[in-house]
Amino acid sequence: MSINSATTLSAAEWTGILYDLILFENSGKYACDSDEYPINNIADALMNAWYWQENKGCLSNCPVDSYISKNSLYTPDGITMYINTTRRHTFSIFPYPLTVRTKNTSYHLVGINQKGVIRTDFVSLPKLSGRDQQDFLDDYAAIIPSNYHDDFATVIQHLRDNCWIHGGSGGRTRLLANGLEGVTKFSKKHNDKKRLVITHILPGELERRRAFSRQLEINAAVRQKQDFTRPDAQKPEQNRKQPQDDINILEKRLDAMRLEVEERQQLKERQEMEARAQRIASITRYMITLQTSQMPTDDIINSVQDLRQALQAGLRRYTGRENVTVHLLGSFESGLASKTSDADFTAYNFFSPNSRGNSIAELANALRWAGLPIVSFTAGKFQCDMSMDQHMGVINSKLIATYRKIDNRFLTLWFTIRLIAKKHEILSGSTRYLSSYALAMMLIVFLQDVCNPPILPRLQQQNRRQMLRRMIDGYDCSFDHNWSNHQKFGGANTTSVGQLLIDFCRFYGYTFKYATEELNPCLGVVKSRSFNPPPRSPADRRPKDWAMCVLDPFIAGRNVAGNSQKHHVAKIQKCFQEYAFGEVDVGDLKKAFER
């Protein structure tokens, strides 16, 4: 069938179709909440569309921005009034009308001993049947003028990317004639073809629906006028109001209603802010308690140092050289260890320049001679690993330790983030998920570049005179080792660890572009990728492309998350997105953190 593509939609009609599309995209998405779709979410979506068009001006046939602002459709009360009045008089393609309902939820703010009730307005929005979905898309294709389709497809794609945490009603996307990405099934090209096979919608349906809507509006206006002009049976002329008097009374009533709505909205916002502050405070308390329970005691730390000294003394006796040293690396050196962490050691100068033979075997012999187990061993209650000349591992650990000392929030965040990662099985470098080192780099860059103001400095970008000059294996490993130089650096940012945890999860769940961006702790920034994966031989089983990129702070181009494949990264993002972010943000501590 054909349709006049030059047909013009009014601002009210354009907004009404966008409203219908928002309902269609969100139908069935709130099944876990008894299909209760908050009015506030509709307002947020329309406000997002309004701001986008007002600031970007991307849509050529979009009168929606002025209509939304004029009718306060960016507020819950504006949406409620719209559903109860205006929407009843403009034609709709959504399968059924909606009614605003109200739910009252009691709350108790313990800190200030205040009780009250939070009112939530919602509409029931269950999942549409397959028949209803098809009828909606057919009506959209056949009734809505085709010159508006690409704009609708574009704004829905924008809302999917920037407003909703779900993919809407699904379906492919494509680059449209307006140069923007849009949802294919709402696009002009897709629906131009679809109209050719739609036979059950007759030409002129748009005008018939418009006429029906106009009649509804006229009938409503007549009823309203009758209500205002009904004469008194005893004194008809004396009591009958003039039209202007009716308008003045109505305006006064509307002004009083607006004032009441504003006061109620302000109270609701204040209550929500207080309730959220209580949730954040509860999360913060939990995180501090978790850190206290997980941190190794002084006795454990001293025992590890005693073991290091024993290893060093034993190797010196075996070699007869006093320049043999044993160093800690990993979590006990960086300060990120828990009570159950392994202890990692490395030996320097174990071999003289003229020594020959298998170095690992010789180290094993030395440890046996010293009465100590070999390479991987248990000493007391510690699981230990011994290596040789791991200078880079030691300097990496010292860099993390310096960042940890600068701001106490680093360590509190670390224990909770690590617990979340362990719970969702994404903390395992051996299975191509995140190593503890990669996760620490993610936290460092977040505190350097995502937080505003930043909480951590860029220790490798300081004045050369402040930095300890160090070259290891040809790599510049210089950084400012003196953490006290930066002790007050993050003081301008007073965000609690509870809120920082939510921000961390939100960033790595929704904002960070895993496929195209890199985390660069050397520069202390999140940026577009500057390195490509090295060439791989056919026998190399490592990924040929990087699904995510977390750069080593010292070795240029080394991706410490380079072994992760796309499905690993998808699970990492999902952990922060669908689990950690959502569960932490509602304050469900038991569900979010328990093992």
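The values are calculated or read from the model by the stated rules, or taken from the named source; none is laboratory data. Bear in mind that the values here come from a model prediction, so they are computed numbers and not experimental data. Here Cβ is always computed from backbone atoms with ideal geometry, including for glycine, and neighbour counts include all displayed protein chains.
What the table shows:
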read-out: Residue check, Gly335 modelled with pLDDT of 85 or more and touching a strand residue (DSSP E or B) at 6+ places or on another chain (Cβ under 9 Å); value: no
read-out: Condition broken by Val123, with the remaining ones in (1) of a type outside the set (Ser, Thr, Tyr); (2) at pLDDT below 85; (3) touching a helix residue (DSSP H, G or I) at 6+ places or on another chain (Cβ under 8 Å) satisfied; value: (2)
read-out: Pair list, Cβ < 8 Å and 6+ apart or interchain, from region 179-192 residues that are among the aromatic types (Phe, Trp, Tyr) to residues that are surrounded by fewer than 22 Cβ atoms within 10 Å (Cβ to Cβ) and part of a helix (DSSP H, G or I); value: Phe186/Tyr140
read-out: Evaluation of Thr516 against (1) loosely packed, with under 12 Cβ neighbours inside 10 Å; (2) over 26 Å from Asn162 (Cβ atoms) (one fails), failing number; value: (2)
read-out: Flag if Ser303 is at pLDDT 90 or above, outside the structural domain of Leu501 (by TED's automatic domain parsing) and within 24 Å of Val497 (Cα to Cα); value: no
read-out: Any hit, region 527-539, residues being in contact with a helix residue (DSSP H, G or I) (Cβ under 7 Å, 6 or more places away or on another chain) and not charged (D, E, K, R); value: no
read-out: Positions within region 423-436 being within 22 Å of the chain's Cα centre (by Cα) and hydroxyl-bearing (Ser, Thr, Tyr), in sequence order; value: Tyr433, Ser435, Ser436
read-out: Subset of region 537-573 [more than 22 Å from the chain's Cα centre (by Cα) and not in a loop (DSSP other than H, G, I, E, B)]; value: Asn559
read-out: Given (1) under 23 Å from Arg506 (Cβ atoms); (2) surrounded by fewer than 21 Cβ atoms within 10 Å (Cβ to Cβ), index of the condition Trp483 fails; value: (1)
read-out: Leading residue by the ranking (surrounded by the most Cβ atoms within 10 Å (Cβ to Cβ)) among those in region 161-178 that are within 21 Å of Ile144 (Cα to Cα) and of a type outside the set (A, V, I, L, M); value: Ser169
read-out: Test: residue in region 470-483 that is over 29 Å from Arg558 (Cα atoms) and basic (Lys, Arg); value: no
read-out: Test result for Ile395, closer than 26 Å to Phe345 by Cα, β-branched (Val, Ile, Thr) and in contact with a Ser or Thr (Cβ under 6 Å, 6 or more places away or on another chain); value: no
